[in-house]
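Have a look at the structure below before the remarks.
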Amino acid sequence: MSAEEYLERNAYEALVIGSGFGGAVAVTRLAQAGVDVAVVERGRRWPPGSFPRDLSRLDDGWLWLCNHGLYDARPLNDILAVQAAGYGGGSLLYANVAIRPPDEVFDDAWPDSYSRTVLDPYYDLVSYMLDVRPVTADPATGELPPKTRFMAAAAQRLGQPDGFFHPNLAVTFEETGPGHRNRFGVPQRACLFCGECDIGCNVGAKNSLDHTYLALAEQQGAAVGTRTEAVHIARADDGYRVRLREYGRPGTGKNGADRDVFAHYVRRVGFLEIRSM
């Protein structure tokens, strides 16, 4: 695992809580605008090769409840929600699909100002940042991956060949050779078509947020605190006081230690228990 990180200062102009899709975009754009911004993430960094694979040891990186692992499972009535806990949030575990909604999605229950036409420039920007593209042939075989071919064949048998298409994926399918880096200078490898996208890409082909948005945010000066969980938010003077529970600071033990950080602006993304102070 990489070295633990924690915020060095107790005050920032802006604090972003959570490093998933919402938080990563927010901290990146704030950093690019020159704002003194920090982002905190309760999970750890998961560089390629570090994602757990040994199912005989659930305490070795699998579960958030066991040594702050990758998967946080939360029951809600008869639903079990599973979310990621790591630097990059859900992008570490999603299926990389980047599909734009059709025009009719915005016909009902959306403000009149929202439409595909209005949002397309932003979809274009996300596509650039995540370098999305359809799946390509496996260089080793010259064929599309088996799953892709099987899905196409299934659509054909169902009489719906036009209903099958290759969606845009946030995956690196080609590399220039050893030492290949993406447009943000982050080392990445080409996809091996192993099908392990949803349990963390140990190859480094997935264009997850830690390889894209968050990498750019750090280059632009954003401070990062990993294994740092926000547990309280309260108004204070002309901003907010956020109580952080740091699990990675040396000497804090497995239960972590609390500290307060002040920020004029706080952006909270994702699940958070807020308790009064």
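The values are calculated or read from the model by the stated rules, or taken from the named source; none is laboratory data. Computed from a prediction, not measured in an experiment: that's the story for all the values here. Here the Cβ positions follow ideal geometry from the backbone for every residue, glycine too, while neighbour counts run over all protein chains shown. Surface areas here come from the heavy atoms of the whole protein model, side chains and all, with no ligands, DNA or RNA. Shrake-Rupley method; radii C 1.70, N 1.55, O 1.52, S 1.80 Å.
Quick notes on this structure:
- A single member of Asp107, Asp131, Asp138 is of a type outside the set (Phe, Trp, Tyr), open to solvent by 30 Å² or more (accessible area, probe 1.4 Å) and at pLDDT 95 or above, and it is Asp131.
- Just one residue in the set Gly200, Gly195 is surrounded by 13 or more Cβ atoms within 10 Å (Cβ to Cβ) and closer than 29 Å to Ala84 by Cα; that residue is Gly200.
- With respect to being on the phi > 0 side of the Ramachandran plot and in contact with a strand residue (DSSP E or B) (Cβ under 9 Å, 6 or more places away or on another chain), Gly142 falls outside the description.
- Conditions (1) at pLDDT 95 or above; (2) open to solvent by 30 Å² or more (accessible area, probe 1.4 Å); (3) part of a strand (DSSP E or B); (4) not small (Gly, Ala, Ser): number failed by Val242: (2)
- Some residue of region 265-273 being out of contact with any helix residue (DSSP H, G or I) (no Cβ under 8 Å at 6 or more places or on another chain), assigned to a loop (DSSP other than H, G, I, E, B) and either open to solvent by less than 60 Å² (accessible area, probe 1.4 Å) or closer than 20 Å to Gly49 by Cβ (or both): yes
- Residue pairs meeting the criteria (Cβ under 6 Å; at least 6 apart or on separate chains; first touching a residue at least 12 places away in the same chain (Cβ under 8 Å) and outside any strand (DSSP E or B), in region 76-92; second acidic (Asp, Glu) and surrounded by 10 or more Cβ atoms within 10 Å (Cβ to Cβ)): Ala85/Asp72; Tyr87/Glu41; Tyr87/Asp210; Gly88/Asp210
- Test: Ala24 is crowded, with 23+ Cβ neighbours inside 10 Å and of a type in the set (A, V, I, L, M, F, W, C): yes
- The residue list Asp59, Asp120, Asp54 contains one member that is farther than 20 Å from Gly204 by Cα, part of a loop (DSSP other than H, G, I, E, B), more than 17 Å from the chain's Cα centre (by Cα) and charged (D, E, K, R), which is Asp59.
- Only residues that are within 21 Å of Gly204 (Cα to Cα) and open to solvent by less than 50 Å² (accessible area, probe 1.4 Å) were counted in region 29-46, giving 4.
- Pair list, Cβ under 6 Å, 6 or more apart: region 253-277 residue modelled with pLDDT under 95, other residue of a type in the set (Val, Ile, Thr): Arg267/Val16; Arg268/Ile17; Ile274/Ile233
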